[in-house]
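Trainee: Got a structure for you, questions after.
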C-alpha cells in the first residue's frame, strides 16, 4: 500500500540509540553549564529557564539551581521540553564546530531519499526538540537531509505514548489515519498511534522486544513491505 505520509522516530529507528546516550548527552552535560551562564539573558535561553522554574515550582530559582536540576534531568533521561530546547542550542555549537555529525543508518538515509522522490511526505516525531531533530539531519553522516522533511514534531505536540499526540499530528497533516505510516522502535508509541488507525512498523535495530506490530530490521524491509 502506498502511504501519503510517513512519520519516523529517531532514536533506535533512523539512528542508533548510543549516538544520543554516548555522544549527545555527555556533550550537553559537559557544555550546558557554561553555555547557560554565558547566555542566560538571551531571549531563547531566558524563556527556557523560566519554563524550568515553573517545572521546578521554584519561581525564584537562580541560575545555578536550574543548572543543577537540568543536569539531574539529563542523568534521569527526563523528556522535559525546556531541557530539550537548551540541549538543542548546545548541540548546534557541537555540530557546527565539527565535534560530531548526526548518526544515521545507511538504509534510513537511502530510503528517506527514495520516499521523498516518490512524493511521500516525510515527518519526524521525536522527544528531542525540533531544533535538535533538524540539526541531526542537517549535519548528518550523509550531508544535509532537512529538505526531505515536510515537518517536525516534538513533545510540544504531546507525549509520544499518548493517543492525543497522534490525534493532534493527524489534524495538522490533514490526512486519514490509514494513509499515514508511523515508524518507531518503542511499542508503547506504536500502540498509541495504532489506536487511531495509523499504520505502524516496529524497527528492531538493537534487539528490542517485539509486540503485535509489523516489524522490520531496516528501512529496506519497510520498502519491501510497502511494495
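Trainee: Which whole-number percentage describes the relative contact order of the chain, with Cα contacts under 8 Å and a sequence gap of 6 or more?
Mentor: 26 percent
Trainee: If neighbour count is taken as other Cβ atoms inside 10 Å, put 56, 226 in order from fewest to most.
Mentor: 56, 226
Trainee: To continue, here is another question. In whole Å, what are the extents of the chain along the principal axes defined by its C-alpha atoms, from largest to smallest?
Mentor: 55, 36, 31
Trainee: Further question: Round to a whole angstrom and tell me the spacing of the C-alpha centers of the range 16-39 and the range 161-198.
Mentor: First find each Cα centre; the distance between them is then 30 Å.
Trainee: For helix 63-75, what angle does its Cα long axis make with the longest principal axis of the chain, in degrees from 0 to 90 and rounded to 10?
Mentor: For helix 63-75, the angle is close to 30 degrees.
Trainee: Moving to a separate point now. Angle between the Cα long axis of helix 43-56 and the longest principal axis of the chain, 0 to 90 degrees, nearest 10?
Mentor: Compared with the principal axis, the helix lies near 90 degrees.
Trainee: Let me ask another. Taking only Cα atoms and a 10 Å spring cutoff, compute GNM fluctuations for the chain and point out the largest among 164, 127, 15.
Mentor: 164
Trainee: Further question: Is it possible to state the helix-based mean residue ellipticity at 222 nm for the chain, with each DSSP H run of 4+ residues giving -39500 (n - 2.57), the sum divided by total residues, to the nearest 500 deg cm²/dmol? What is it? Display every interim value, and only then the final one.
Mentor: Numbers: 9 runs with 107 residues, N = 227.
Taking each H run of at least 4 residues, the total per residue is -14500 deg cm²/dmol.
Trainee: Measuring from the lowest to the highest alpha carbon on each principal axis, how far does the range 20-97 reach, largest first, in angstroms?
Mentor: 34, 26, 18 Å, listed from the longest principal axis down.
Trainee: In which sequence would 154, 44 go, from the one with the fewest C-beta neighbours within 10 Å to the one with the most?
Mentor: Working: 154 22, 44 13.
Least to most surrounded, the residues fall as 44, 154.
Only the coordinates and a few stated rules stand behind these numbers; no lab work does. All values reported here derive from a predicted model rather than from experimental measurement. Cβ sites come from the backbone with ideal geometry, for glycine too, and all protein chains shown count toward neighbours.
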